[in-house]
Amino acid sequence: MIISASYKTDLPAFYGAWFINRLHAGYCKMVNSYGRQIYTIDLSPEQVDGFVFWTKNIGPFLKYLPQVQQRGYPFIIQHSINAYPIELENRVIHYKQTVEHMKQLANEYGPERLIWRYDPIIFSSLTPIDWHRRNFATLAQALQGTTDEVIISFAQVYKKTARNMDAAARASGFSWNEHKVEPETFVAQGRALAVELAQMAAAYGMRLKVCSQKQFLVAGMIEEARCIDADRLERVGQRTIPDKKRQVGSRKECACFASKDIGEYDTCPHGCVYCYAVQHRDLALNRYKAHDPQGEFLFPPRGYTVDEKSEIGPKQWTTLPMFPS
């Protein structure tokens, strides 16, 4: 079983202590995002084929990675680096710090464990196409030698994303038109940009791939991405992962291998206005502040309360009738 940690939140940046505590415990609990069923996930080395970490700031997690390595877990890191203006990414660290982290990781663990994500690509008055050309070139040059792969995607605008983008645009005085452009025009523009970015990436030793958007694939130049990549995990772990198969229930065009994600939506306080995983930024920040690093859940569902009277050992969870959050 491959563990995704996590495309629902930035676990390495904000919840590293919780993760390592659960690794020591050998399990964690998670809540199904839709049916709200509760599952116990076995995190023992015998059951985990590897971890895929997703982050915008690996810095706080650097002190925990040696423990992951020492326990024999293969891992790869999907690191998003967009260097967007503060109006779009409110609390993300400066890209130069992230580049230094990537260099450190490549030196200590090897570049095959690292994947750069330049996604989602947002078109706005702050980040027009020419801006992306310059920005991508700057980042690719800075990251040369730290990875052999960069994954892009163009923002998929859900209702909550459009609402948050509109609110940010009003507050900060920028405009964005991604959801208003004709689909044919958008695909043509995106495809042309993707080809340019692929050429830039190749100049710095990287293959460019596209996540879950086959309309932007170009034969011989741009492949589809497997963000949960069992083949890469096999290479870095030097062992075979049995029963590899495609993720069931994921997006139609997703090419990922099957995994279990241990994150929770509405818990990442980075403040990215385009984020699909956060509907309410204030809620995410409050949840982060209320987080218990000793808990079995990353964030306990409604219907669970903590028995504060327990004076010995970890806090005890009292089960109550559960209802969706």
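Matching residues to (1) modelled with pLDDT of 95 or more; (2) surrounded by fewer than 21 Cβ atoms within 10 Å (Cβ to Cβ); (3) out of contact with any Cys (no Cβ under 7 Å at 6 or more places or on another chain):
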site: Tyr64; (1), (2), (3): yes, yes, yes
site: Gln78; (1), (2), (3): yes, no, no
site: Glu100; (1), (2), (3): yes, yes, yes
site: Gln104; (1), (2), (3): yes, yes, yes
site: Pro111; (1), (2), (3): yes, yes, yes
site: Ile115; (1), (2), (3): yes, no, yes
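Within the range 196-224, the set of residues being among the aliphatic types (A, V, I, L, M), loosely packed, with under 15 Cβ neighbours inside 10 Å and at pLDDT 95 or above comprises Ala202, Ala203.
Tell me, yes or no, whether the range 151-161 has at least one residue that is at pLDDT 95 or above, out of contact with any Ser or Thr (no Cβ under 6 Å at 6 or more places or on another chain) and closer than 22 Å to His101 by Cα. Checking the range 151-161: at least one residue is at pLDDT 95 or above, out of contact with any Ser or Thr (no Cβ under 6 Å at 6 or more places or on another chain) and closer than 22 Å to His101 by Cα. Scanning the range 238-262 for residues that are surrounded by fewer than 14 Cβ atoms within 10 Å (Cβ to Cβ), part of a loop (DSSP other than H, G, I, E, B) and either in contact with a Ser or Thr (Cβ under 8 Å, 6 or more places away or on another chain) or not acidic (Asp, Glu) (or both) gives Gln238, Arg239, Thr240, Pro242, Lys245, Val248, Gly249, Arg251, Lys252, Glu253.
Taking first residues from the range 157-179 that are touching a residue at least 60 places away in the same chain (Cβ under 8 Å) and partners that are surrounded by fewer than 16 Cβ atoms within 10 Å (Cβ to Cβ), the Cβ contacts under 7 Å between residues at least 6 apart in sequence or on separate chains come to Phe174/Ser125.
Remark: Tyr265 falls outside the filter, which requires a residue to be part of a loop (DSSP other than H, G, I, E, B), aromatic (Phe, Trp, Tyr), in contact with a Pro (Cβ under 9 Å, 6 or more places away or on another chain) and in contact (Cβ under 8 Å) with a residue 60 or more places away in the chain. Of a type outside the set (Gly, Ala, Ser) and free of Cβ contacts under 8 Å to residues at least 60 places away in the same chain: does that describe Ile241? Taking the combined requirement at face value, the residue does not satisfy it. Annotation note: of Ala137, Ala83, Ala142, the sole residue that is closer than 23 Å to Ala167 by Cβ, out of contact with any strand residue (DSSP E or B) (no Cβ under 8 Å at 6 or more places or on another chain) and surrounded by fewer than 21 Cβ atoms within 10 Å (Cβ to Cβ) is Ala83.
Taken over the range 124-155, the residue count meeting the criterion of being of a type in the set (Phe, Trp, Tyr) and free of Cβ contacts under 8 Å to residues at least 60 places away in the same chain is 1.
The residues of the range 66-93 that are more than 28 Å from Arg281 (Cβ to Cβ) and hydrophobic (A, V, I, L, M, F, W, C), listed by number, are Val68, Phe75, Ile76. I'd like the full set of residues that are surrounded by fewer than 21 Cβ atoms within 10 Å (Cβ to Cβ) and touching a strand residue (DSSP E or B) at 6+ places or on another chain (Cβ under 9 Å), limited to the range 4-20. Tyr7, the sole residue that qualifies.
Residues of the range 144-166 that are in a loop (DSSP other than H, G, I, E, B) and over 15 Å from Leu114 (Cα atoms): Ala155, Gln156, Val157, Tyr158. Tell me which helices (runs of 4 or more DSSP H) are completely within the range 35-143 and hold 1 or more residues being of a type in the set (Phe, Trp, Tyr) and under 25 Å from Gln213 (Cβ atoms), or say none if there are none. In the range 35-143, 95-109, 129-142 are the helices (runs of 4 or more DSSP H) which contain 1 or more residues that are of a type in the set (Phe, Trp, Tyr) and under 25 Å from Gln213 (Cβ atoms).
The values are calculated or read from the model by the stated rules, or taken from the named source; none is laboratory data. Just so you know, these numbers come straight off a predicted model, no measurement behind them. Methodologically, a virtual Cβ is constructed for each residue, glycine included, from the backbone with ideal geometry; neighbour enumeration extends over all protein chains shown.
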